[in-house]
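Notes follow the structure.
Derivation of every value follows stated rules applied to the coordinates shown; laboratory data play no part. This structure is a prediction, so every number in the text was calculated from the model and none was measured. Reconstructed Cβ throughout: ideal geometry from the backbone, glycine too, with neighbour counts over all protein chains shown.
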Amino acid sequence: MLRNESLIDDIGQDLESLVALRHDLHTHPELGLSEVRTSDIVARELAALGFQVHRGLGKTGIVGTLKAGTSGRTLGLRADIDALPIHETTGLAYASKTPGIMHACGHDGHTTMLLGAARQLARHKNFDGTVHLIFQPAEENFGGADLMIKDGLFKLFPCDAVFGAHNEPGIPVGNFGFREGPLMAAVATVIITITGRGGHGAQPETTVDPIVAGASLVMALQTVVSRNLSPHATGVVTVGSLKAGEASNVIPDFATLVLTVRYFDPAQGKFMRERIEALAGGQAASFGATAHVDWQEGYPVTINEVASTRFAREAAVALLGAENVHDIEKPYLGSEDFSYMLEQRPGSYLMMGNGDSAGLHNAGYNFNDAAIAPGAAYWTSLVERYLRAA
Ligand SMILES: [Zn+2]
Ligand SMILES: [Zn+2]
């Protein structure tokens, strides 16, 4: 236990080089499935520490494996490594050198914290079992977690449990948040195409106007949340795009609506889909038009398993003190592809305070270097508790 309490100090000796590593990753951000340089760096670091390194899962994903002792127990820890298509405006000395791409979600920090833990684990080997450090590509766009799983992640690297984390602006550094059950929403993108029959804007009687049908559908869609869901349920139906027509005097053939739909309960998501399809078909038909609904399933609900979450929370209390651990009251409407891993294995996803930074996905955002030590110490102590040496 004493070592746990001194773990943050222990990481202090690595801190300068970890900060330099984080800044280097920040200067050279890469989009999902293009994280070639980043994964080279991660692989090199892990290999130098004595980890077995497996590359190419999910194209640019990496798993670093370290064994100690004789136990057959296994644990997976995951960091995401990709950046976003945002043009950085921080003005930092180590700002992105790639125009239009930046680490605006702090995955440079997530990667660095897990590499910091890798150093501690390799240095002390104060655990009994096998730890798999999973560096996952393409969290922001292509569902890299799912790609790694489909490439055999948990078959090649069985994990009794898997844990992940995200930094959280607005929460003090060194303060971690936990939630049992749903933490992040499921998301679907829905493209509805309404087909009418175009014609002269002065002769509406010869046409089937898809704009009027589309406008009516926008209003009808508001009733999915307000009339079909229980007032106690949480769901989002947002029409983020409505496009039709080019000219004032031409009635077009088509109107297109693009929606984001979010929810925390898969059964509710299925019900929302049924309602949206029924409204699209029914509204269009009432105007003599037709509707085609293209439902593009995004990331599923991120559901934290109860026992793993309690375990992860206790590890945080032991490391940081109860005053630096909080319970997240309401789940977030954002989504996260770690959900795919939690569909496969028990585990939990937690939030790590990033202090007073700009918000995630903001061009002025930066990961907080002060968060590296508590994050790396936490991952280390989680391994040491989960794979406790006899
Ligand atoms: Zn993000
Ligand atoms: Zn992120």
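Computed on the chain, with alpha-carbon pairs under 8 angstrom and 6+ residues apart, the relative contact order is 25 percent.
Once the Cα gyration tensor of segment 102-157 is diagonalised, what are the square roots of 5 times its eigenvalues, in whole Å and ordered largest first, as equivalent ellipsoid semi-axes? Walk me through the numbers on the way to the answer.
Values: eigenvalues 111, 69, 5 Å².
In descending order, the three semi-axes are 24, 19, 5 Å.
Per-residue Karplus couplings for segment 373-388, computed as 6.51 cos²θ - 1.76 cosθ + 1.60 with θ equal to phi - 60°, are listed in order as 4, x, x, 5, 5, 5, 4, 4, 6, 5, 4, 5, 7, 6, 10, 4 Hz, Gly and Pro entered as x.
Counting only DSSP H runs of at least 4 residues, each contributing -39500 (n - 2.57), and dividing by the residue count of the chain, the helix-based mean residue ellipticity at 222 nm comes to -11000 deg cm²/dmol. Partner aspartates and glutamates whose Cα lies under 13 Å from the Cα of residue 125, excluding those fewer than 8 positions away in the same chain, are identified as 384. Considering only alpha-carbon pairs that sit under 8 angstrom and 6 or more positions apart, the relative contact order computed for segment 71-146 is 47 percent.
Within segment 141-203, the proportion of C-alpha pairs whose separation exceeds 17 Å stands at 71%. For the chain, the Cβ-based charge dipole about the Cα centre amounts to some 760 debye (Lys, Arg positive; Asp, Glu negative; other atoms uncharged).
Modelled spin-label separation between residue 20 and residue 97, with each label point placed 7 Å from Cα along the Cα-to-Cβ direction: 1.6 nm.
Among the listed pairs 270/330; 67/97; 243/270; 67/150, which have their C-alpha atoms separated by more than 31 angstrom in this model? Distance filter (> 31 Å) returns 67/97. Computed from backbone phi with θ = phi - 60° and the Karplus coefficients 6.51, -1.76 and 1.60, the 3J(HN,Hα) list for segment 247-264 is 9, 5, 10, 10, 8, x, 7, 10, 9, 10, 10, 10, 10, 10, 10, 9, 6, 10 Hz; x is used for glycine and proline.
Over segment 1-112, the reciprocal of the mean inverse Cα-Cα separation, the Kirkwood hydrodynamic radius, stands at 15.6 Å. Once Lys and Arg get +1 and Asp and Glu get -1 on their Cβ, which of 247, 280, 231 lies farthest toward the positive end of the dipole of segment 186-297? Selected residue: 231.
What stretch of the chain, leaving out the sites themselves, is the longest with no GluC sites (Glu not before Pro) in a DSSP loop having at most 14 other Cβ atoms within 10 Å? Excluding the exposed sites themselves, the longest stretch runs over 1-245. Neighbours of residue 262, meaning other residues whose beta-carbon lies under 13 angstrom from its beta-carbon, give a summed charge of -2 when Lys and Arg score +1 and Asp and Glu score -1. Extending 7 Å from the Cα toward the beta-carbon at both residue 125 and residue 306 defines two label points whose distance is 3.9 nm.
Neighbour counts of other Cβ atoms within 10 Å put 351, 113, 219, 184 in the fewest-to-most order 219, 351, 184, 113.
Contact order normalised by length for segment 186-297, with contacts defined as Cα pairs under 8 Å and 6 or more residues apart; what percent is it?
Working: 225 pairs, mean separation 49.3, N = 112.
Worked out over segment 186-297, it gives 44 percent.
The slack between residue 243 and residue 390, meaning 0.36 nm per residue of separation minus the straight C-alpha distance, is 46.5 nm. The distance from the alpha carbon centre of segment 141-175 to that of segment 329-370 is 11 Å, rounded to a whole number. Available extension along the chain between residue 205 and residue 327 is 38.0 nm, counting 0.36 nm per residue and deducting the alpha carbon span. Over the Cα atoms of segment 186-297, the radius of gyration divided by the Kirkwood radius equals 1.03; this is the Rg/Rh ratio. Averaging 1/r across all pairs of distinct Cα atoms in segment 301-390 and inverting the result yields a Kirkwood radius of 14.8 Å.
Averaging the inverse of every distinct alpha carbon separation and then flipping it gives the Kirkwood radius. What is it for the chain, in angstrom units? Please list the in-between numbers first.
Details: mean 1/r = 0.0444 Å⁻¹.
After inverting the mean inverse Cα-Cα distance, the result is 22.5 Å.
Considering only 64, 72, 129, the Gaussian network model of the chain with Cα springs below 10 Å gives its largest mean-square fluctuation to 72.
May I ask for the equivalent-ellipsoid semi-axes of segment 249-332, computed as the square root of five times each C-alpha gyration tensor eigenvalue and listed largest first in whole Å? Working shown, then result.
Values: eigenvalues 421, 37, 17 Å².
Whole-Å semi-axes of the equivalent ellipsoid: 46, 14, 9.
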